[in-house]
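This report concerns only the one structure given below.
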Amino acid sequence: MEHEQKLRHKWRMHPSLMLEQIGAVEHYYEEQAAQGLVLESVGSWFDCFVRTAPCAMRYRAEPMLSGEREGPDWDRRHFYEEAGWTYLGTASEIHFFASAADSGAEELHTDPQDFAPALRRQRRVNFWLALIFSLVMLAVLPLVFLSYPPDLQGWLYLVLVLLCVLVMPPGLIRDGRWLFQKRWQHLPPVDHTARIPRGITLRARPLSSLLCLTIIIAVNLFSSSIDRISFLPVADAAPGQLVLTLAQTDGTDLIDYNYPLPHYQESNTFRAILAPAGYWFYESDESAKTPDGAIVQLSVERASCRSEEAAKWVFSQMLDRYDWMKDKTSLSVPGFDEVLQWGGEPGQQINWFFVRAGKQAVFFYYEGGMGQDALLALLAENLASAT
Amino acid sequence: MSYDGGPMTEAMYYILLALLEPGHGYRLMQAIGEVSGGRVKMGPGTLYGALSRLEEDGLICRVDERDARRKTYALTEAGRAALDTEAARLRSMLADLARMKGGAQDGT
């Protein structure tokens, strides 16, 4: 019985088309019915056909109204059924209905302008999405070039992203002209005999999905490439370069690393942070064991900026980020322009510092054997050597 | 497209005319055919969209029925006034036509 059921049904990918080309989809279903494949239901991805004797059917589509994800409401469905049209399903925000060719049912839509609001909305959404996406990509790409010189692999990813951007303009121009000329005001009747373009399923659905997939992969690979390629010593970083660096704040008592390290990372544990052009930034987080077995912890976020104003801004960002630390004490320490210290919760041995020296802003916390003065002196020495 | 008080489309005029008696979707479709002597044919999809727009414009409203799922519509005061205005406009147009034709015949 189940085997028979399988034989009777045939599933095919739904030919997703723009609303204004919907006549071609209707005609495609009619052709299938004439060949003995009668459409039984429509889904977002797949249509279900039933094998029968060849028959003449009419299929009609109409745009979904807002809030009709589950299909037309009872009243509308019931009304259409009384008028001879059976609801089959919804795909790409379009409802599909069927009626036998000899049912005598009145044409579902007798006024082409019925589709005008939906078509206009669709075009506007497409237009603005494509425009915003293109502008964002155009704005982001130069920033990426400024702050991150890519290697061969990086170039490949950039080309992939660029290709995605290049796909946008034809549709953008087409939709823009359509909207500018207000073509929704005089729509031609739906051509129910239009032919479905060859390979439409391939072009319409998988290609757009493939495009999305490419973008996702490209962005992921791109981000991963940043992680790997920019794993450089601070001294090698150009101003404005996105950099992930080895720690330069290792104290004499930081000996043994406990953190699990990825295969491409030789020592320490670091995270890349996307920095705007103008300063580089790194964050390190270390745990170490002293020879007598005591645990030492050091976490550093450091931004080296192009100007003192930029450093002040970054410094204020750091303070905002750690706003939850109340009652920070301001210290006057030679070699630093600003130093704020927070002693942690009562009973804690951790010291938290916000430090700015010229063009550099640093936040770090330390738990270990070094005293506050020695720690700040070591940091001042490191900052001085870095600049 | 919302109604701005100007000349009505044929579809809109016949929907309002058919709604002099409250009715629901399919009954309305038949009524429009009957009222227009079969000259105006409106598809169910077109009619449904038009009803939604007329309701948004406040020219028609839903009335309670035993089956709450079924939407039955009736003319509002604004709808009745719009229909009267349109009827007056059509009468005036016919009068103009008659006068012009009469004048032309007198001239010959």
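The values are calculated or read from the model by the stated rules, or taken from the named source; none is laboratory data. Keep in mind that what you see is a predicted model, and the values were worked out from it rather than measured. Every residue, glycine as well, gets a Cβ built from its backbone with ideal geometry; the counts of neighbours run over all protein chains shown. Keep in mind that these areas ignore ligands, DNA and RNA; they rest on the heavy atoms of the full protein, side chains included. Shrake-Rupley method; radii C 1.70, N 1.55, O 1.52, S 1.80 Å.
Each peptide in A:356-362, B:96-102 receives the mean, over its residues, of other Cβ atoms within 10 Å, and ordering these scores from highest gives A:356-362, B:96-102. Membrane-span-like helices in chain B: DSSP H runs reaching 30 Å or more (Cα, own axis), mean Kyte hydropathy at least -1.0? What comes out of the filter, once short or polar helices are dropped, is B:77-107.
In order along region A:311-325, the phi-based Karplus estimate (6.51 cos²θ - 1.76 cosθ + 1.60, θ = phi - 60°) of 3J(HN,Hα) comes to 5, 5, 5, 4, 4, 5, 5, 4, 5, 4, 4, 10, 4, 5, 7 Hz; Gly and Pro are listed as x. Each of A:Tyr59, A:Phe79, A:His14 was placed along the dipole of region A:2-109 (beta-carbon charges, centred on the mean Cα), and the one lying farthest toward the positive end is A:His14.
Close amide H partners of A:Glu338, meaning residues 5 or more places away or on another chain with modelled amide H under 5 Å apart, are A:Arg356. Sequence-ordered 3J(HN,Hα) estimates for region A:15-30 from the Karplus curve with 6.51, -1.76 and 1.60 and θ = phi - 60° stand at x, 6, 9, 5, 4, 6, 9, 5, x, 5, 5, 4, 5, 4, 5, 5 Hz, glycine and proline given as x.
Would you mind giving the mean number of other chain beta-carbons within 10 Å of the Cβ of each residue in A:68-79, as a whole number?
On the way: counts 0, 0, 0, 0, 2, 2, 5, 10, 7, 1, 7, 13.
The mean count of partner-chain Cβ atoms within 10 Å per residue comes to 4.
If you count, for each residue, the other Cβ atoms within 10 Å and average over each peptide, how do A:314-320, B:40-46 line up from highest to lowest? Write down the numbers at each step before the final one.
Numbers: A:314-320: 16.9, B:40-46: 22.0.
Order by mean packing, descending: B:40-46, A:314-320.
Model label points for A:His186 and A:Asp373, set 7 angstrom from Cα along the Cα-to-Cβ axis, are 8.9 nm apart.
Can you give me the orientation-averaged projected area of the convex hull built on the Cα atoms of chain B, in nm²?
Details: hull surface 32.1 nm².
Computing the convex hull of the Cα atoms and averaging its projections yields 8.0 nm².
Inter-chain Cβ neighbour count for B:29-39, averaged per residue, equals 1 (cutoff 10 Å, partner chain atoms only).
Remark on B:Ile60: its backbone amide H falls under 5 Å from those of B:Glu55, B:Thr76, a criterion applied only to residues 5 or more positions apart or on other chains, H modelled at 1.01 Å from N. For the residues of A:124-132, the average number of beta carbons from a partner chain within 10 Å of their own beta carbon is 0.
Compute the semi-axes of the equivalent ellipsoid of region A:2-109, taking the square root of 5 times each eigenvalue of the Cα gyration tensor, and list them largest first in whole Å. Kindly include the intermediate steps, with their values, before the conclusion.
Numbers: eigenvalues 91, 54, 39 Å².
So the equivalent ellipsoid measures 21, 16, 14 Å along its semi-axes.
B plus A alone minus the pair: what accessible area, both sides summed, probe 1.4 Å, in Å² to 100? Don't jump to the answer; show the numbers that get you there.
Numbers: alone 7200 and 21570 Å², together 27150 Å².
So the buried area, both faces added, is about 1600 Å².
Ranking A:Lys328, A:Lys182 from most to least accessible surface, computed with a 1.4 Å probe over the protein chains only, gives A:Lys182, A:Lys328.
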